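Enquirer: Quick one: structure below, then a few questions.
The values are calculated or read from the model by the stated rules, or taken from the named source; none is laboratory data. Fair warning: this is a prediction, and the values are worked out from it, not measured in the lab. Using ideal geometry, Cβ is built from the backbone for each residue, glycine included, and neighbour counts are taken over all protein chains shown. Note: accessible area is taken over every heavy atom of the protein model, side chains too, but ligands, DNA and RNA are not part of it. Shrake-Rupley method; radii C 1.70, N 1.55, O 1.52, S 1.80 Å.
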Amino acid sequence: MDAGNLTFVNGSPRITGQYSGFDTNAIIEASVLAKRIPAVRMESTIKENDLKTASYGELNTLLKNLQNSLNGLRNPPGFSSIENNIFENKSAFLTSRTTTAATDLIGVSSKNDAASGTYEVEILQIATANKISSGVVADATAAQGVTDTITLGLAGEITKDISITSGMSLNDIAEAINGVKSDTGVRASVIKVSDNDFRLILTAEETGKDVTLSGGGNFLSTFGDGSVLTELEAANKAQIKVDGIATVIERDSNDIDDVIEGVTLQLYKAEVGNNIKIELSNNLGGVKEGINSFVEAYNAVRDFVTTQRNYDPTSTTSTRPTLYGDDIVRRAEDALGSIVSEGASGVASNIINTLGHIGIDLDDANKLTINDTELDAALLNNLDGVRSVFEYKFEADDSRLQIVARTKELNLDDFELVIDGVDGSGDITGASVTGYGNVFDVNGTTLTGKAGTEFEGLTLVYVGEAGSGAQNIQVKTSTGLAEKFYQELDGFVDPGDGSIATRLEELTLDNKDLNSRITAVDARIELTRQFLVEKYSRLEQVLAQADAMRKQLEAQANAGSS
């Protein structure tokens, strides 16, 4: 007979199986497992949801990467948008008139709003920082016996009073000066010339400005001639000539950003008579790099879609992808395909408007491929045409009207904006669009497209002359592929109400609900387990009592027969 099993329920020992011969623990576990099947199914659903969450996260990242790759190609909106527009990025090509390399003399950087063109710069003198020195000091660590309050700074700038006491060494004095260099613009250092020759060097942190130093004690008499320290280098201003203009241009710094609009010149070395040629033009290499990034991001999304779509239900070796048949994946695939096939809209018939026109085509796997020869030719010979393929264009015949925002895809074609007038404060008194009516909300100088109209999502600014009358402004628009893609993708990746964010929130809530239900099931199962343990324990007790009575009767019978 089974010796039984010892178990504990709520801390109380229970003997099961000793008299019945049943494996009651196995019976209980089988019953519990049967009752837990719904919870197991819910746990399986949670695992599936977790896999979907990971796959949606991957898709969201890929689509966001694609959207980011398009931002610089779409002519992003806003007053400072030109700085983010890849097509407006400029490159500078430098040519020296002498054997000295141009890059040894000057560096050039530019903002996107710099005008393309050719300039000539002659560097007559570079700006230098004023540097002054003390006389010889035998020991930089010994007390110098100087008592003074010196006033230190740069000419025309803030000065600072620094207290010098007799017990301070040359190193201590340098440390005290450096403690306020952020205010004075003067840096101190101790230079060892030889074992018994140390010098205190004061250097201006800005070029073109003299170090000013004064004191009423013995600082200047100890370290200088009583009035000044020895000048090692004068504070020179940068001097250049531009485009042959005879007037010498002077600046305090070697970084000059106010001579050629949008261009910063970094002067390295002077070379009189060398007119350095600077050719500023669109950075076509940067444009091509941006287009390549878009193609790579597009193809990465295509690869993901293909992975999720390729599944043969009849195959015994094929594994069903996590998002097989998913509606979001299907809509994303449809959007990618339709935008590529339809091209830019609102573009004149004589202007290229599809990717195929600039050497970008779909292969058999629906992935984009670039014909470098054709793309290079398009960039070199028809940059405006390439821009029309990608960009959103807004061209008004009145430069006082500017677009500052667009939050959705706009298919407006050309339209006429009527400004009723501008009041004495410069605010617009009213506005309408010919053929559409009152489609803008007016607030000061800002026009915001009304919800539900074709102009919803469009924000314009018109800065007219105060007190002026009505103005009719002709506006031409076109929408390129980059803009279409960007706005379409926003419906998927927007962290607030994008379809992926909404689906992820649904999965999170579903898992939360399933976990709550699993907890409730497990609680009920635990009660069932305790009930079964008690039940089988009582059965064993009854059988134990019966067995004891049997043994007693047998003993009595055996005693009577003897």
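Enquirer: Once the principal axes of the Cα atoms of segment 430-541 are found, what is the range along each, listed largest first in whole angstroms?
Expert: On the principal axes, segment 430-541 reaches 105, 32, 23 Å in Cα extent.
Enquirer: Another question, then. Only four residue types carry charge here, +1 at the Cβ of Lys and Arg and -1 at the Cβ of Asp and Glu. Report the dipole size of the chain about the Cα centre in Debye, rounded to the nearest 20.
Expert: Here the size comes out at about 2440 debye.
Enquirer: Same structure, new question: Name the residue from LEU73, ALA238, ASN438 whose Cα lies farthest towards the positive end of the charge dipole of the chain, charges +1 on Cβ of Lys and Arg and -1 on Cβ of Asp and Glu.
Expert: Value computed over the given set: LEU73.
Enquirer: Additional query: So how far, in whole Å, is the C-alpha centre of segment 194-229 from the one of segment 297-336?
Expert: If you average the Cα positions of each part, the centres end up 75 Å apart.
Enquirer: Here's a follow-up. Grab the beta carbon distance between ASP513 and ASP420, set R0 = 45 Å, and tell me the FRET efficiency rounded to 0.05.
Expert: Step by step, r from the Cβ atoms, then E = 0.20.
Enquirer: List the aspartates and glutamates whose alpha-carbon lies under 13 Å from that of LYS277, not counting same-chain residues fewer than 8 positions away?
Expert: Partners found: GLU120, GLU122, ASP243.
Enquirer: What accessible surface, in Å², does a 1.4 Å probe find on ASP113, ignoring ligands, DNA and RNA and rounding to the nearest 10?
Expert: Rounded to the nearest 10, that gives 80 Å².
Enquirer: How big is the convex hull of the Cα atoms of segment 71-183, per residue, in Å³?
Expert: 237 Å³
Enquirer: Also: When 1/r is averaged over all different Cα pairs and the result inverted, which Kirkwood radius in Å belongs to segment 190-237? Let's see the in-between values first.
Expert: Values: mean 1/r = 0.0813 Å⁻¹.
By the Kirkwood definition, the hydrodynamic radius is 12.3 Å.
Enquirer: Return a whole-number percent for the relative contact order of the chain, with Cα pairs under 8 Å and 6 or more residues apart as the contact set.
Expert: 17 percent
Enquirer: Taking each pair of distinct Cα atoms in segment 66-129 once, what is the resulting Kirkwood hydrodynamic radius in Å?
Expert: Roughly 14.6 Å, rounded to one decimal.
Enquirer: Let me spell out the model: positive unit charges on the Cβ of Lys and Arg, negative unit charges on the Cβ of Asp and Glu, origin at the Cα centre of segment 47-93. What dipole size does that give, in debye rounded to 20?
Expert: It comes to approximately 60 debye.
Enquirer: Scaled to the compact-protein estimate 2.2 N^0.38 Å, what is the alpha-carbon radius of gyration of segment 374-454, rounded to two decimal places?
Expert: It is 1.41.
Enquirer: Could I get the Rg over Rh figure for the chain? Both from C-alpha atoms, Rh via Kirkwood, rounded to two places.
Expert: We get a ratio of 1.26 for the chain.
Enquirer: Give the separation of the Cα centroids, segment 59-81 to segment 356-432, in Å.
Expert: Rounded to whole Å, the Cα centres lie 15 Å apart.
Enquirer: Net charge near SER468: determine it from the other residues with C-beta under 13 Å of the C-beta of SER468, scoring Lys and Arg +1 and Asp and Glu -1.
Expert: Surrounding charge for SER468 is -4.
Enquirer: Let me ask another. Can you give me the % of accessible surface on segment 350-395 that is carbon or sulfur? Probe 1.4 Å, all protein chains present, nothing else counted.
Expert: So the carbon and sulfur contribution to the accessible surface is 42 percent.
Enquirer: Same structure again: I'd like the accessible area for ASP183, computed on protein heavy atoms only with a 1.4 Å probe and all protein chains in place. Round to 10 Å², please.
Expert: ASP183 exposes around 70 Å² with every protein chain in place.
Enquirer: Gap in Å between the Cα centre of segment 484-510 and the Cα centre of segment 267-289?
Expert: The distance from the Cα centre of segment 267-289 to that of segment 484-510 comes to 45 Å.
Enquirer: I'm checking a number: the convex hull volume of the Cα atoms of segment 186-276, normalised per residue, in Å³. What is it?
Expert: 156 Å³
Enquirer: Using just the helices of the chain, give the 222 nm mean residue ellipticity in deg cm²/dmol: DSSP H runs with n ≥ 4 each add -39,500 (n - 2.57), and the total is spread over all residues, rounded to 500.
Expert: So the helix-based figure for the chain works out to -12000 deg cm²/dmol.
Enquirer: Which values, in whole Å and largest first, are the semi-axes of the equivalent ellipsoid of segment 238-347 obtained as the square root of 5 times each eigenvalue of the Cα gyration tensor?
Expert: 59, 16, 11
Enquirer: From Cα pairs below 8 angstrom and at least 6 apart in sequence, can you work out the relative contact order of segment 213-331, rounded to a whole percent?
Expert: Dividing the mean separation by the residue count of segment 213-331 yields 9 percent.
Enquirer: Pull up the cross-link candidates among the lysines for LYS484, meaning alpha carbon to alpha carbon under 29 Å and not fewer than 8 places away within one chain.
Expert: Once the sequence-local lysines are set aside, what remains near LYS484 is LYS52, LYS64, LYS90, LYS111, LYS288, LYS367, LYS393, LYS408, LYS450, LYS476.
Enquirer: Can I ask one more? Taking the Cα centre of segment 445-540 as the origin and placing charges on Cβ (Lys, Arg +1; Asp, Glu -1), which of ALA520, TYR462, SER499 is farthest toward the positive end of the dipole?
Expert: ALA520
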